[in-house]
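Q: A single structure is presented below for examination.
Please treat every number below as a calculation from the coordinates, not as lab data. Keep in mind the model is a prediction, meaning the values are calculated, not measured. Every residue, glycine among them, receives a Cβ derived from its backbone with ideal geometry; neighbour counts consider all protein chains shown.
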Amino acid sequence: MSGPLDRFDGRSSELPERARELLAAERVPLWRRLGWPAAIAAAWLGWYGSESLRHRREDQDGYEARSPAPPSRDDFRRAAEALTGHVATDGNRAELLINGDQIFPPILEAIRGAEHSIHLETYVYWRGEIADEVAEAIRERAAAGVECRVLLDAVGSAKMRPELVRELREAGANVVRFRPPRPHLLGRVANRSHRRVLVVDGSIGFTGGVGIADEWTGDAEEPDHWRDTHLRIHGPAVRALQGVFAEHWVEATGEALIGERLLPELEPREDGLAMQIVRSGSAVGDSNIEVLYFLAIASAERTLDLTAAYFAPRPPFVKALCDAARRGVRVRVLVPGEHTDKAFVQLAGRNTYAELLEGGVELYEYEPTMLHAKSLVIDGCWCSIGTVNFDNRSFQLNDELTVSAFDGGLAEDLEREFEQDLERAERIDPNRWSDRGPLQRAAERVTTLLRREL
């Protein structure tokens with residue numbers, strides 16, 4: 001069969017230009033035409049593989065904790081301080097804030113009452129009435145002469161209205177994008193600041209899972225209003241929160257935040273909590289928070305209640321949870337159900353359900369709305385509340401923050417909230433789970449190939 005090029009010999013002056021291009025293309029070997037794309041793909045796969053391997057330990061994938069002390073003992077606190085490099089402080093007061101109706105009023109009150117400084121760092125700053133209200137409160141204080149510094153993760157805040165940034169700057173606030181994508185720093189695009197920090201006058205601190213968007217308003221009463229947990233903190237621990245902000249601010253701007261106005265004397269309270277502010281960043285090896293979570297799980301004696309907005313644990317964490325259940329700890333894990341904003345992360349997490357259920361772990365999926373809280377309670381006497389999800393992205397790729405409390409009061413409050421959340425959740429039945437269809441099983445397995453990015 002002859003083709004349209006067979007009528008030409010390649011030398012005729014009457015050969016149409018398009019025909020000459022097609023003829024030339026036919027003469028180029030396939031391997032040469034695909035060479036550059038294949039080389040680029042191979043280089044990218046090699047880079048991705050090396051990035052994945054650099055986070056693996058030389059000998060083993062998991063951890064081993066020999067005779068760990070329970071969280072009720074001082075030995076546990078000393079171990080947490082030694083492994084993370086962050087010292088706990090005594091004499092703090094922390095208030096548990098549940099959902100937007102409890103979270104945003106004290107945040108706005110603190111901002112509007114600022115006398116010297118406002119330092120806000122957030123991953124999520126999207127749109128809506130609350131986004132405008134927070135910006136207006138900062139704008140008013142900046143215009144009044146208060147030092148206002150706002151650090152926005154360049155990826156997480158991409159939905160923010162540009163007009164808000166412009167208006168904040170015009171009022172005198174210093175607004176900076178953290179790690180904006182740049183051609184010479186493409187390798188850092190995946191390393192985001194997932195932290196949420198607000199420090200006012202160096203003496204009042206807030207942190208937790210909440211983002212600045214209408215999704216976080218309300219009281220988790222419907223799918224449009226998410227479930228989240230936040231903290232308001234007074235006492236010496238606020239200086240460590242200020243340090244969390246200062247670490248990223250100096251990276252982004254070169255300005256070191258020092259001086260008595262920004263770092264005032266913070267008197268401990270006699271009946272206050274012992275609290276540890278633990279921050280971590282993407283680096284070779286194990287992050288501080290990853291090690292802290294392994295220590296806490298290994299130290300549990302009676303109960304372990306984990307709330308995770310994004311749950312896609314690597315095999316060592318699956319094993320750690322199962323080991324805890326097998327030694328008699330009641331292990332309960334609460335994750336999002338039908339309402340989730342990242343279905344592919346949920347699929348990857350569900351691929352671990354069978355092993356967790358077989359190991360004795362109780363799994364629950366929250367039903368009313370998106371569950372965005374991140375917390376861990378051990379034995380009713382130690383807890384962690386912060387920005388940390390139970391996935392590789394939080395443990396290895398993002399810069400994160402969590403607050404751990406070594407006294408029982410805050411842990412007991414968080415445990416009560418966990419029990420209330422379980423009343424609105426569906427427990428995963430092992431028998432029904434084993435009957436799920438082949439398509440769902442296949443989808444779960446496929447997502448685990450991307451577990452490093454989740």
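Q: Please list, or write none, the lysines whose alpha carbon is within less than 30 Å of the alpha carbon of K319, excluding same-chain residues fewer than 8 places away.
A: Partners within reach: K342, K374.
Q: Express the relative contact order of the range 163-255 as a whole percentage, based on alpha carbon pairs under 8 Å and six or more residues apart in sequence.
A: For the range 163-255, the relative contact order is 24 percent.
Q: By average Cβ neighbour count within 10 Å, what is the ranking of 403-414, 107-118 from highest down?
A: Highest to lowest by the protection proxy: 403-414, 107-118.
Q: Between the range 363-414 and the range 124-199, what is the C-alpha centre distance in whole Å?
A: Computed from Cα coordinates, the inter-centre distance equals 25 Å.
Q: Between E260 and D75, what length comes free when the chain is fully extended (0.36 nm per residue of separation minus the Cα-Cα distance, one decimal in nm)?
A: Length difference between fully extended and current span is 63.2 nm.
Q: Next up: Once you keep just the Cα pairs under 8 angstrom separated by 6 or more residues, what percentage relative contact order results for the range 241-360?
A: Normalised by residue count, the contact order of the range 241-360 is 21 percent.
Q: What are the ³J(HN,Hα) couplings of the range 63-71, residue after residue, when phi is run through the Karplus curve with 6.51, -1.76, 1.60 and θ = phi - 60°? Round to Hz, x for glycine and proline.
A: 10, 9, 10, 8, 6, x, 7, x, x
Q: Then there is this: Arrange the peptides 131-142, 237-248, 377-388, 77-88 so that the one whose residues have, on average, the most other Cβ atoms within 10 Å appears first.
A: Sorting 131-142, 237-248, 377-388, 77-88 by mean packing, highest first, produces 377-388, 237-248, 131-142, 77-88.
Q: For the range 234-315, take N as its residue count and report Rg(C-alpha) divided by 2.2 N^0.38 Å.
A: Dividing the Cα radius of gyration by 2.2 N^0.38 Å gives 1.43.
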